Amino acid sequence: MSRAAVERYCRLIARFSRSRIVVAGDVIADEFIYGRVERVSREAPVLILRYDSTEILPGGAGNAASNAAALGARVELIGVAGADEAGRRLRASLPPRVSGRGLLRAAGYVTPVKTRILAGGVHSAKQQVVRIDKAGNMLSAALVKRAGDVVARALGSADALIVSDYGAGLMSPDAWQRAMARPGTRRGRSPIVVVDSRYSLTGFRGMTACTPNQSEVEAMLGVRIEDDPAALERAGRELLNRLDTRAVLITRGSRGMALFERNKATDHIPIVGSDQVADVTGAGDTVIAAFTLALSVGAAFGEAARIANYAGGIVVMKRGTATVSAAELTAAIRAS
């Protein structure tokens, strides 16, 4: 990378603190239970762990919000959490730069929890041995409408909106369209909208950009891409047209990223850092946060994608639901 490009990226990152970002979608409590391996059980061929500690971190839309905040933005998180213990601890885990005023409390709603049990020895890194998912219950139409009203109000002072749709229905395509149709823009312009939708991406027509991973693209279009550049090209161009969006950034794990824009050649971005990752938990949230923030401060799509690529390369070397700071990101780019 040229010195001019490095300096340009660092200037963009320095502006992140000026941005106001709204993150709306499905909030999950990421629970990590840590233990030390003692022995194999006599009851069954399983490990016996001696409990060490439990940690709860914001997951789903909460992790995207945490990553945007760690990079310097002021963030408003809009979602739903129950009045249960998991919801209470989730709210308490939000970082200082994330406002939880839009995190609606719903009586009777069960906060979704992903429990990961990690085990290791005294002198070894702990590895995930099992994950237990507890799904939330159905959201009422009244609650979805209430969340949409909060999103519409928040967009009046926002530079960008991240939609984090894990399929619970809070920010479904219909709910998003209704929120965007309500009056209220920032200085007469609409905010940048970047979408991460696990199952309904094709419903978010007209967004600014999206960041699906390759397996999601394959499932969405019913194709096999793997290492086939022609299949990747066809898939990216089809998504651009079908979604009526300005850019599609497909994340490809160890294969890097592919950025598709209208009337431009595909930008193939190789991974940075090591491909021996420690943990990919929440890496997509880091990518969408860095990508959106860069766009919000004036980066071109290619610049934003490369900044996000560095952020993703840093976070996968950390364990658990992790974030990347602006200082870490700047240092990694300078070191390149």
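The values are calculated or read from the model by the stated rules, or taken from the named source; none is laboratory data. From a predicted model like this one, the values you see are computed outputs, not experimental measurements. Note that we place each Cβ from the backbone using ideal geometry, even for glycine, and neighbour counts take in every protein chain shown.
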Next item on the list: Filter the range 34-49 for residues that are among the hydrophobic types (A, V, I, L, M, F, W, C) and either assigned to a loop (DSSP other than H, G, I, E, B) or modelled with pLDDT of 95 or more (or both) and give the result.
Entry: 44, 46
Notebook entry, point to check: Which residues, counting only those in the range 111-166, are of a type in the set (A, V, I, L, M) and free of Cβ contacts under 8 Å to residues at least 60 places away in the same chain?
Noted result: 130, 132, 135, 138, 139, 141, 142, 144, 152
Notebook entry, point to check: Which residues, taken from the range 200-227, are part of a helix (DSSP H, G or I) and touching a helix residue (DSSP H, G or I) at 6+ places or on another chain (Cβ under 8 Å)?
Noted result: 201, 202, 203, 214, 216, 217, 218, 220, 221
Check: Counting only residues that are of a type outside the set (Gly, Ala, Ser) and buried (at least 20 other Cβ atoms within 10 Å of the Cβ), which one in the range 318-329 is modelled with the highest pLDDT?
Finding: 329
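The rows are residues; the columns are (1) of a type in the set (S, T, N, Q); (2) touching a strand residue (DSSP E or B) at 6+ places or on another chain (Cβ under 8 Å); (3) surrounded by fewer than 19 Cβ atoms within 10 Å (Cβ to Cβ).
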{"position": "31", "(1), (2), (3)": "no, yes, no"}
{"position": "36", "(1), (2), (3)": "no, yes, yes"}
{"position": "46", "(1), (2), (3)": "no, yes, yes"}
{"position": "50", "(1), (2), (3)": "no, yes, yes"}
{"position": "54", "(1), (2), (3)": "yes, yes, yes"}
{"position": "58", "(1), (2), (3)": "no, yes, no"}
{"position": "69", "(1), (2), (3)": "no, yes, no"}
{"position": "73", "(1), (2), (3)": "no, yes, no"}
Notebook entry, point to check: Got a sec? Which of 125, 92, 160, 107 is at pLDDT below 90, under 30 Å from residue 316 (Cα atoms) and either touching a helix residue (DSSP H, G or I) at 6+ places or on another chain (Cβ under 8 Å) or not hydroxyl-bearing (Ser, Thr, Tyr) (or both)?
Noted result: 125
Check: Out of the residues in the range 6-29 that are over 30 Å from residue 151 (Cβ atoms) and in contact (Cβ under 8 Å) with a residue 60 or more places away in the chain, which is surrounded by the most Cβ atoms within 10 Å (Cβ to Cβ)?
Finding: 9
Notebook entry, point to check: So which residues in the range 106-134 are closer than 29 Å to residue 146 by Cα and either within 22 Å of the chain's Cα centre (by Cα) or surrounded by 13 or more Cβ atoms within 10 Å (Cβ to Cβ) (or both)?
Noted result: 106, 109, 110, 111, 112, 113, 114, 115, 133, 134
Next item on the list: Could you list, in sequence order, all residues of the range 50-89 that are on the phi < 0 side of the Ramachandran plot, in a loop (DSSP other than H, G, I, E, B) and modelled with pLDDT of 95 or more?
Entry: 71, 73
Check: Within the set of pairs 6 or more residues apart or between chains, which connect a residue that is over 15 Å from residue 17 (Cβ atoms) and touching a residue at least 40 places away in the same chain (Cβ under 8 Å) inside the range 325-336 to a residue that is of a type in the set (Val, Ile, Thr) and surrounded by fewer than 17 Cβ atoms within 10 Å (Cβ to Cβ) with Cβ atoms less than 9 Å apart?
Finding: 333/6; 334/6; 336/6
